Structures are given as C-alpha cells and as structure tokens.
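Asker: Structure incoming, see below.
The values are calculated or read from the model by the stated rules, or taken from the named source; none is laboratory data. Since this is a predicted model, take the numbers as computed values, not measurements. Virtual Cβ from ideal backbone geometry, glycine too; neighbours counted across all protein chains shown. We work out accessible area using only protein heavy atoms, side chains counted, and drop any ligands, DNA or RNA first. Shrake-Rupley method; radii C 1.70, N 1.55, O 1.52, S 1.80 Å.
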Amino acid sequence: MTNTIPATVGSESFIPVNTQTWVNGRHNVRCVKVIHETWDVCTFCFMSEQPVMYFFKPGQFVTLELEIEGQQVMRSYTISSSPSVPYSFSITVKKDPNGQVSSWLHENLKEGDELAVHGPVGLFNCIDYPAPKVLLLSGGVGITPVMSMARWWFDTNADVDIAFVHSARTPKDIIFARELDHMSSRISNFGLHLICEKIENGQAWHGYRGYLDQAKLELIAPDFLEREVFCCGPTPYMNAIKNLLQANGFDMSRYHEESFGATPVEIEEEAIENAEIAQEEADALTQEDMLRVEFLGKGQGKSIQVAPGETLHTAAAKLDLLIPKACGMGICGTCKVLVKSGEAEMSHNGGITDDDVAAGYVLSCCSVPKTDVVIDF
C-alpha cells in the first residue's frame, strides 16, 4: 500500500513523497536515536531512508539481522514503541554481560548505523484480544510489549481501563519510569503500580516491595478476574503469575504471554521428540519413500532427496544453503520461504501472517514437504 503526499501546497510545488506501509518481510533500516533508559537498558529507534508507515499490532516483535565477529546472527526483540507514532519504531534492550547480541548492541550500535530487520510478527498483541478492562503484568525488560500497548491506548484515547503492574529489581531498574508517571497523571483510566524486589542504600521508595503475590494483586486490581491479562517477563515470573491466576480460578483463555524469547519448554520438547521420530523413520526408508526438494533463487537450482518429516530448513542446510533463522520453532518468522510448487505442511507458533500463508509462504524451520516441492527464497 502506498500513500502519496500532494505535490502542491498553496502556490508552492513539491516533489511527491511516496509513503510505504510496513509489511512482514526483510527491511533495511537506520538507527536514528539511542536513548539510555536506565543504567543497563537502552532504546534504539529506527527509520527508513524513504518514509515508511510502521503499522503493527502493539506487542509484536521484529528480528534483527546482525553481523557480529564475521558471523550472521539473528535475534528477536519486542517493539517498545507504538504504531501511533508511525514513521519510526523502537526496541528496548537490557544489556546482559553474558549476552552476545545485547552486549554488541549496547557497545556498537550508534546513530547512523544501518541494519536489516524481519517482521513484524507475533500473536501476543492487544489488537486481537480487545477488552474494556486489562491487567498488564511485566517483570524487568519484559515491560517492552506491554509498554507498546499502553502507549497505543494512551495516544488513541482508548476507552480501556488499564491496570499497569511492573516489577523491577530496585528503583533504579524501573524502565520508562518518568513516562509511566506522566501517563498515569494525565488520564484517570491508567492505574500505575510499581513493585521493587529490594531497596538499596540511599534509595527512596514508597511503593510496593518484594514480589507480586495474592495480597498485592487484590490491592492493585481487586477485579482482576474480570480483566484481560497480558504478561511478559522472565520465565519464573510468568510461571508464578500463571500459578497465581489459576489458583484463583481465572479463565486462562483470557491470559496472554510473550514467548518468543526463551523457547517454551513444551515446544522444544515436542521438536526434539519429532526429530527423533523422523530419524527413526528415515532409517527404515527406501528410495521410493524419499521426497525431492528443489531450491530456486539463492538456491541456484539445487535439489536434494529428503525423508518424510525432515524440514525444509534441514534440506537447505544439507545443500549448504543458508536460510536465515533465529528461533527454530516457528516463532520469529525469520526463515520464511515461498512454496512455488508442491505441498508443504507447516506447524508454526505465530511467526507468519495469514496473508503470507495465503500467498504460499511457509516457515522453513517448521515446515515439512508432503510432496516433491520447489522452494524460492
């Protein structure tokens, strides 16, 4: 979709500017701003050289394509900005001393640098689950997707009752603190509740202390059973939240959590089990049972025979063809390819849009050929 700005305004003439609308795929962007949110968290803002309207569903994420020490590295990050500010988008990253990508971003990415991003994708968003009352729960840097949601509702004057509950290690670790205070002071339907695990010497704090528990939840949102819940944070945090809600008889169909970071255990276990079954079946196959996978485009017409159950990504790897991949579980959407002919069966976890599926695209990491196929990427 393209929007064109009028060529004339009054008596002056201007060159028309074509504004593209963001769609899932690979895009080149430029870092235009680096904001230090806390002592170990930075926000990186991106734009395109030509105007692009960055429309997405608040809560979704992108995958960065980086080159670190000569190796291509893919990593997914939630968009922390809101589509209500459409000509740029931002990610907010906490520096992990042991994290290759987060450390590299903090130490190397600067204004003017260019890189490629894939997306936006993700099932975790507030658009697909509209509700009059919501409970946003976050821990640490897990605040990023729910902040995108809060910014969206705030900027659009949405009639949504928001209970925003964020848990941080100490007061100095609260991300977006001043903006959250501003939002809560401006509108009556935004309730801000901050919880700090501990208070260090010299720090003033008058909010909740410790962890989010039954007592705090009842004080903060006594009607939590009536709210749509969006949760993001470290796995132990999200597990504790789920246990707390389930113990109160909460309708878990109204609970939504971000899961693109650490691979969900049940998905990982299923993938391992499926791989083992596929290998056992492959050992007993004859040549007649094999399927042919041909690659066009970057594949340069290469083809290979694979066993039923082997993924398209595995087939490409056997031919030394590199299809970019980040999660390997159909979550990040990086490994999208086009099925030109034949049939492939996909079992993804939110990393591809319905429009892409209708156009014939699949995620190679979680798609297996059911017939001989021709793949373009």
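Asker: What's the total number of residues in the range 23-71 that are within 17 Å of the chain's Cα centre (by Cα), under 23 Å from V141 (Cα atoms) and open to solvent by 40 Å² or more (accessible area, probe 1.4 Å)?
Answerer: 2
Asker: Output the residues belonging to the range 110-131 that are within 19 Å of T21 (Cα to Cα) and aliphatic (A, V, I, L, M).
Answerer: Residues satisfying the conditions are L115, A116, V117, V121, I127.
Asker: Looking at T353, T314, T334 in this structure, which one is of a type in the set (S, T, N, Q) and without any contact (Cβ under 8 Å) to a residue 24 or more places away in the chain?
Answerer: After applying the criteria, what remains is T314.
Asker: With I220, I267 as the choices, which residue is at pLDDT 90 or above, under 29 Å from I91 (Cβ atoms), of a type in the set (V, I, T) and open to solvent by less than 90 Å² (accessible area, probe 1.4 Å)?
Answerer: One residue alone meets the criteria, I220.
Asker: Would you pick out the residues in the range 241-264 that are surrounded by 15 or more Cβ atoms within 10 Å (Cβ to Cβ), of a type in the set (A, V, I, L, M, F, W, C) and at pLDDT below 95?
Answerer: The answer is F260, and nothing else.
Asker: Follow-up question, since we're still on this one. Residue check: is L291 at pLDDT 85 or above, surrounded by 15 or more Cβ atoms within 10 Å (Cβ to Cβ) and in contact with a helix residue (DSSP H, G or I) (Cβ under 8 Å, 6 or more places away or on another chain)?
Answerer: So L291 fails the test.
Asker: For the range 166-196, give me the residue count where each residue is farther than 16 Å from W39 by Cβ and open to solvent by 50 Å² or more (accessible area, probe 1.4 Å).
Answerer: Of the residues in that region, 6 qualify.
Asker: All but one of (1) closer than 30 Å to C332 by Cβ; (2) part of a loop (DSSP other than H, G, I, E, B); (3) at pLDDT 95 or above hold for L123; which doesn't?
Answerer: It is condition (3) that L123 fails.
Asker: Does V337 satisfy the condition of being in contact with a strand residue (DSSP E or B) (Cβ under 6 Å, 6 or more places away or on another chain), under 25 Å from T63 (Cα atoms), open to solvent by less than 50 Å² (accessible area, probe 1.4 Å) and part of a strand (DSSP E or B)?
Answerer: yes
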